[in-house]
Amino acid sequence: KISHIETGIAVKSIEEALPYYENVLGLKCYNIETVEDQKVKTAFLKVGDVKIELLELQAESTIAKFIEKNNGNGGMHHLAFAVEDSVANALAEAETTGIRPIDKAPRKGAEGLQIAFLHPKSTLGVLTELCEKP
Ligand code: ZN
């Protein structure tokens, strides 16, 4: 059983995207936060145990490049899994199985949680994030 899973979706504007998630899908946004480190603005919504993280492009961020590559549209950006113990341990474990990390060491993500990304080239094309349990 996966207890916590999160999907990151790139959007051009959180303000423009939220009415769809809130009014059409009936979800509630419970946190909006800018992660300066990653030059990204995030909004969080929840469906059961699944978290949806909307990522808004800010100039020069990887999200901006992602949207550019997707014909100017946003879309599914990454999948995150909460790890059982520490992100550092999970990262080390992934490396021993030949998975290539993007982050050599955990860093601080949204909601003050430790995160680390794994390279999509070694995760079957899906940008994957390891995340500390909330
Ligand atoms: Zn994420």
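Only the coordinates and a few stated rules stand behind these numbers; no lab work does. Owing to the predicted nature of the structure, the values given are computational and were not obtained by experimental measurement. All Cβ positions, even for glycine, are placed from backbone atoms using ideal geometry, and neighbour counts span all protein chains on display.
Need the list of aspartates and glutamates near residue 41 for cross-linking: C-alpha distance under 15 angstrom, and skip anything on the same chain fewer than eight residues off.
Within the straight-line limit of under 15 Å, residue 41 reaches these aspartates and glutamates: 15, 16, 33, 53, 56, 60, 111.
Would you mind classifying the stretch 15-83 by shape? Square roots of the alpha carbon gyration tensor eigenvalues, ordered a ≥ b ≥ c; an a/c under 1.5 is rounded, otherwise it is prolate if a/b is larger than b/c and oblate if not.
Numbers: a/c = 1.65, a/b = 1.38, b/c = 1.20.
Judged from the Cα gyration tensor, the stretch 15-83 comes out prolate (a/c at least 1.5, a/b above b/c).
What does the charge dipole of the chain about its Cα centre add up to, to the nearest 20 debye, if the Cβ of each Lys and Arg holds +1 and the Cβ of each Asp and Glu holds -1?
That gives a dipole near 280 debye.
Normalising by the residue count of the chain, find the relative contact order in percent from Cα pairs under 8 Å and 6+ residues apart.
24
For the stretch 76-132, what does the alpha-carbon gyration tensor say about shape, rounded, prolate or oblate, given a ≥ b ≥ c as the root eigenvalues, a/c under 1.5 as rounded, and a/b over b/c as prolate?
Cα axes put the stretch 76-132 in the oblate bin.
Relative to the compact globular guide of 2.2 N^0.38 Å, what is the alpha carbon radius of gyration of the chain, as a ratio?
Compactness ratio reported: 1.03.
Quick one: angle between helix 87-96 and the longest Cα principal axis of the chain, in degrees between 0 and 90, rounded to 10, please.
The two axes meet at around 60 degrees.
Go ahead and estimate [θ] at 222 nm for the chain from helices alone: -39,500 (n - 2.57) per DSSP H run with n ≥ 4, summed, over the residue count, rounded to 500.
Calculated at 222 nm, the ellipticity per residue is -5000 deg cm²/dmol.
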